[in-house]
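This report concerns only the one structure given below.
Every number in this text was worked out from the coordinates using simple rules, so none of it is lab data. Nothing here was measured: the structure is a model prediction, and the numbers come from that model. Here Cβ is always computed from backbone atoms with ideal geometry, including for glycine, and neighbour counts include all displayed protein chains.
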Amino acid sequence: MTIHGTFDARFARVRDALAANLASGADIGASAAVCIDGEPVVDIWGGHLDRERTQPWQRDSIVNTFSTTKTMTALCALILADRGVLDLDAPVADYWPEFAAAGKERVLVRHVLGHTSGLPGWTEKVTLADILDREKAVALLAKQAPWWEPGTQIGYQPITYGPLLGEIIRRVTGKTLGRFFREEVAGPLGGDYHIGTLPEHDARSAPLIQSSPAIAPLGDGSIYDRVFFNPLVLPQDAYTLAWRRGELGGSNGYGNARSVAAIQSVLSAGGEVRGVRLLSKQGCERVLELQGEGVDLLTGFPLRWGMGYAVNGPIFDTVYGGRLTGRRIAFWGGSGGSICMNDLDRRMTVAYVMNKHVEDGGIDQRGIDIVVAACDSLTGREAGPKPVWTGVVPQAAQPAQQI
């Protein structure tokens, strides 16, 4: 399998991992990147953009990364906090007065970042068109009541995360999330990642390829059904013009591994990349401040949330075969397989973006392979059996809750 791009010889295992997944059919087209101290040591890609394998994945191909977008939106909030214009411990209503309705005056900005706000979904029935209408989406969230006492339980916010944080950012800066990110984060860093993809990028935007059955409702009125099926978002929805133009900062960013790693390496490199400083060292480390810990009401996984990123915990120790144990990790990924891992100790960022969308419950073997290869390359660990994700978590997971 031909792999394009460049890599430091120390990181040949990353090249080998991507090539193996493409050769086996686990991937159709994909990219992987690693940055150390903000500098790229791996920037590779291969495979194809279509199921028939007639159109090669190009250097500048970009695809929707679903919830890997959250790492970009969280980074915007951290930057604003570091500038002193956004207080992460303040009530959301301090910036967005209408949000105080229906008992939400106790929801803090950090509750949104840490997925403990009690707003994992919309209470009213909504459509794809509704959630892509920024004003309507945020107005509905502003008037609804939280589903539990804010700050007391973890309940992942798959799509509401973006409208909630995006509106806070708009109120603070006067810019929509997509514009702020483009002008003050991606632009200065030269990162080819987009929240609200502009028309000039359409020609190289590629679809996700649905490669496993769509999720099915439990049919029991659980939080799972109330969130994931209001509305149901399918991989093919992520290639519609409306989706590309929207600014859903939790789920509709477009990019590739190079752009994810280039931007996110700000965190692992201490706030400055290639002469551009966006965060202080202390501002970077705020990502590790624990906001919630326990079994997530929506996913059933035991998680530890920092400021906008999952931080190291038992599930990552298990999934990654101990490679992340004891490290200061800020991590998240997207539906279908994309991932981003920031290791603040090793000053390393690893990213993987693909177009073969596989429903895997949020943890994907292909991404595991890339992260493990990068960690082993950096530490010189002897090659051995790679961790294999079996779906077994290190503590008994609860079923989706009745909320």
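Things to note:
- Point-charge dipole on Cβ atoms (K/R +1, D/E -1) for the chain, about Cα centre, debye to 20: 400
- Of Val41, Val350, Val260, the one that fluctuates the most in a GNM where the chain has Cα springs shorter than 10 Å: Val41
- Net charge over other residues, Cβ less than 12 angstrom from the Cβ of Arg53 (K, R count +1; D, E count -1): -1
- Once the C-beta distance of Glu183 and Glu359 is scaled by a Förster radius of 41 Å, the resulting FRET efficiency is 0.75 to the nearest 0.05.
- Paramagnetic reach from Glu39 in region 4-18 [backbone N under 18 Å; point 7 Å along Cα→Cβ]: 6-12
- Packing-based exposure ordering (other Cβ within 10 Å, fewest first) of Ile329, Ile36: Ile36, Ile329
- Relative contact order for the chain, counting Cα pairs under 8 Å that sit 6 or more residues apart, in percent: 23
- With each label modelled as a point 7 angstrom along the Cα→C-beta vector, the Gln282-Leu198 pair spans 3.6 nm.
- For the chain, the convex hull spanned by the alpha carbon atoms encloses 122 Å³ per residue.
- DSSP beta bridges in the chain [antiparallel fraction, %, rounded to 5]: 90
- Counted charge near Pro199, where neighbours are those whose Cβ lies closer than 13 Å (Asp, Glu -1; Lys, Arg +1): +1
- Note on Lys281, Lys104: ascending count of other Cβ atoms within 10 Å places them as Lys281, Lys104, the fewest first.
- Scanning residues 5 or more positions from Trp147 or on other chains, those with amide H under 5 Å from its amide H are Leu119, with H placed 1.01 Å from N in the peptide plane.
- Sorted fewest first by neighbouring Cβ atoms within 10 angstrom, Asp343, Asp220, Asp192 come out as Asp220, Asp192, Asp343.
- With K and R counted +1 and D and E -1, the other residues having a Cβ less than 13 Å from that of Cys35 yield a net charge of -2.
- Once the C-beta distance of Asp16 and Ala145 is scaled by a Förster radius of 51 Å, the resulting FRET efficiency is 0.50 to the nearest 0.05.
- In a fully extended conformation the segment linking Glu105 and Glu289 would gain 64.0 nm over its present Cα-Cα distance, using 0.36 nm per residue.
- Max mean-square fluctuation residue, GNM over the chain, Cα-Cα springs under 10 Å, options Gly321, Gly166, Gly249: Gly321
- GNM flexibility winner over the chain from Asp237, Asp364, Asp43 (Cα, springs under 10 Å): Asp237
- Ala9-Leu128 pseudo-label distance in nm [points 7 Å out on the Cα-to-Cβ vector]: 4.9
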